[in-house]
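Okay, so here's the structure we're looking at.
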Amino acid sequence: MTFIENVIPSSKYVRASSEKFPSFAYVAITCPTRHLPGPWYTRFTHLRLKQAVMSGQRIFYVHDLHEKYGPIVRLSPNEVGVADLESFKEIHKVGSKYLKSEWYQRLANFPKPGVFTMTDPREHALRRRLLSRSFSRSYLIEHWESVVREKAQTCVTKIKEEAKKGKTDVFHWWLLLASDVSAHLAFGQSFEMLEHGKVNDLMRALKRLTIGAGLMVEMPLLRLLRFIPVGIVQDMFNANDTILKGAGLAVEKARSRRGENNIFAKVIEDCEKEGEGHIDSMDVRIEAMNIIIAGTDTTGVTLTYLVWAVLQRPDLQSALEKEVADLRPSFREDELIALPVLNAVIEETLRLYGAAPSGLPRVVPQGGAKMEKHFIPGRITVSTQAYTLHRDPQIWKDPLEFNPFRWIPTPVDPSCKVAFHPFGAGARSCIGIHLARMELRYATAFFFRECKGIRLCESTTPESMAFENFFLIAPKAHKCETTMDGDVIGEMERKKVEAGLKAIEDDMKEIEGRVGKKVEVEVNA
Ligand code: HEM
C-alpha cells in the first residue's frame, strides 16, 4: 500500500493514480466529491475524520461541518455527510437502493455476518423476517414482559438500597439491567447479573471483543495484535472462538423443548415449519451475540441520560414522580403507554440523548443521486446522523432545550416525525425497538416511583456527562452518580443559606465600592 492509498484507502481511482502520478495534486483533481462543499483538506484525505472518530468526537466534528458548510458536506474524498430531510428520507426509505456500506462488513468480527452487519438486501430480508416475529410487540408481551418487568424492579431495588446508604452509579446498574435482559432473551436463562451486581465472564469477554472490533474497523493493521500473547490483547482481538463456543448455550436452549426457551426457539421452529430462510447453529450463536451487543449499551446509556436530564429539573421530576405514584402496584406496560409525562420524557431523551446518534453509512447506488442541489456520484458513502437532524432549528423549536412537553399532545409536527429516528429508519431500523421501549418504560416507572427525591451527586456534572462518541455515545466519566442519602430538606436549606450569604457579600462589595472603604458586618446565625 502506498502512502496515498493509506491516506485514502480502498479507492480505485487512487490506486490508478498512485501508479502513474503519486501526487496530492492528482488526488485533489480526480477526487469524486471535489465539487461538494467542505474543508479543502477533505479532498485529499480522510485523516481528519479518522482523528475525530478515534478521539470519540465524530458526531461533533460532522455537526460543526454541517453548521459551516450546509446540509451536504464532504467529510473525506469518499464520504459525504447528509443533513437534508428529503435526502434522509430517500436514503432510508423502505426498499431503498442505498445499502449498508462495507464499514459494517469490516465490523463483523465473526465468521459470518449477522442481521446487523449483512449488506446484501436479499440475505438481510430473509434473516430479518425470521427474527422479526420474536421481536414483535405481541410476542414480547406474551413471552417476555414479565421477565423485563421483574428485572427492572430488581435493578431499581438495588439502586435504591445503594442510594440510601450513600451514592449509586445508575450508569452501572442500567447497563447491567440491559445486559441481563438481552442475555436472558438470547440464552433462555437468567445469568443473574443484577443479583450479583456485576457482569459474568462471557459478557465481559464480549465487551472487550466489541471494543477490539470497533478499533480494528478504523485501523485494520491492529489485526496483527492477534499474535501478541497477552490476556487483555487476546480478549480484544482474538476471542471470537471462545465467545462463539460460549454462545453454544443459545443453540442448546433453542433446540431443547424443555424449560425456558430463548427467542431463537421460535426462529428455529418457524424456519423448520415453513422452510423459509436458513439459520444454522453458527447463525444462532452469532445472532445471540449480536442481540447482546446491540441491546446492552444502547438501552443502558439512554436510561442514564434520562435520569440525568430529569434530575436537573425539579418540577419535571415531581410531575413524573406523581404520575407513576398513582399507578396500581402490579402495573403493566399497557398502563405505562398511557402516561403522558413518562412517555414524553422518554421521547425527548431519545431525541437529545438517544444512544446511537452517529452517522449511519450507506452507499450511493450506481448512477449517482441528486441530494439537495448537489450530484453525489455512485459508490460514494453518504451518512446521516441523528445528532444533527434531532437538533436542526428548521425542524425543532428551541432544539437544544430538553422540553418533554413538545411531545404533548401528539402527534407533533410532520417534519419532526420524519426527522426523529433514534432507532434508525426503514428496512435497517432497530429490530429491538419494542423491547427497548418496554425496558425504558418499566425502568423509568420503577425508578421514579421507588426513588422519590433522588438527586444527582456533586460528582455528576455537565463535564462528566459530556458525550464520548464511539459509534454509540456514553458519559465521558463512565458513571452517573446519584444519592438519596441525608436530609433533603436540610440540604435545600443549606443551599438557600449559601445563596443568601452570597447575595449579602455582593451587596457589601457594591456598598464598599460606593463609600470607597471596607465595611465590616457581623452576621449572627
Ligand atoms: C434505546 C435503545 C436502542 C437504540 C437507541 C437503538 C438504536 C439502533 C439504531 C439507530 C439502529 C440502526 C443502525 C444502522 O442503521 O446502522 C439499530 C439497529 C439494530 N438494533 Fe437497536 N437500538 C436500541 C436497542 C436495541 C435492542 C434492545 C436490541 C435487541 C435486543 C437491538 C438490536 C438491533 C439490531 C439487531 C439492529 C440491526 C437491524 C437490521 O439491520 O436489520 N437494539 N438500533
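Laboratory data are not the source of any read-out in this text; all were calculated from the coordinates shown. Note that the structure is predicted; figures quoted are calculated from it, not measured. With ideal geometry, Cβ positions are generated from the backbone for all residues, glycine too; neighbour counts draw on all protein chains shown.
At a glance:
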quantity: Value of [θ]222 nm, deg cm²/dmol, for the chain, DSSP H segments ≥ 4, -39500 (n - 2.57) each, nearest 500; calculated: -17000 deg cm²/dmol
quantity: Size descriptor, Kirkwood hydrodynamic radius, that averages inverse alpha-carbon separations across segment 9-492, Å; calculated: 23.8 Å
quantity: Listed pairs K198/K479; K93/K476; K68/K479; K151/K207 exceeding 24 Å between Cα atoms; calculated: K93/K476; K68/K479
quantity: Linear extension gain, K165 paired with L225, 0.36 nm per residue minus alpha-carbon span; calculated: 17.2 nm
quantity: Pair L47, V418: separation of 7 Å Cα→Cβ label points (nm); calculated: 4.0 nm
quantity: Inter-part distance where segment 70-126 and segment 286-340 are each reduced to a Cα centre, Å; calculated: 29 Å
quantity: Per-residue ³J(HN,Hα) for segment 75-83, Karplus 6.51 cos²θ - 1.76 cosθ + 1.60, θ = phi - 60°, Hz, x for Gly and Pro; calculated: 9, 7, x, 10, 9, 10, x, 10, 10
quantity: Nitroxide proxy distance, nm - points 7 Å out along Cα→Cβ at E510 and H478; calculated: 4.8 nm
quantity: Length added when fully stretched, Q189-I433, from 0.36 nm per residue minus Cα-Cα; calculated: 85.7 nm
quantity: Partner lysines for K97 [C-alpha distance under 26 Å; skip if fewer than 8 residues away on the same chain]; calculated: K12, K89, K112, K370, K373, K417
quantity: Length added when fully stretched, A125-A466, from 0.36 nm per residue minus Cα-Cα; calculated: 119.0 nm
quantity: Euclidean distance between Cα centres, segment 447-469 to segment 130-172, Å; calculated: 19 Å
quantity: Which of E450, E123 has the fewest Cβ neighbours within 10 Å, and the rest in rising order; calculated: E123, E450
quantity: Inter-label distance, nm, simple model (7 Å from Cα along the C-beta direction), K245/K68; calculated: 5.1 nm
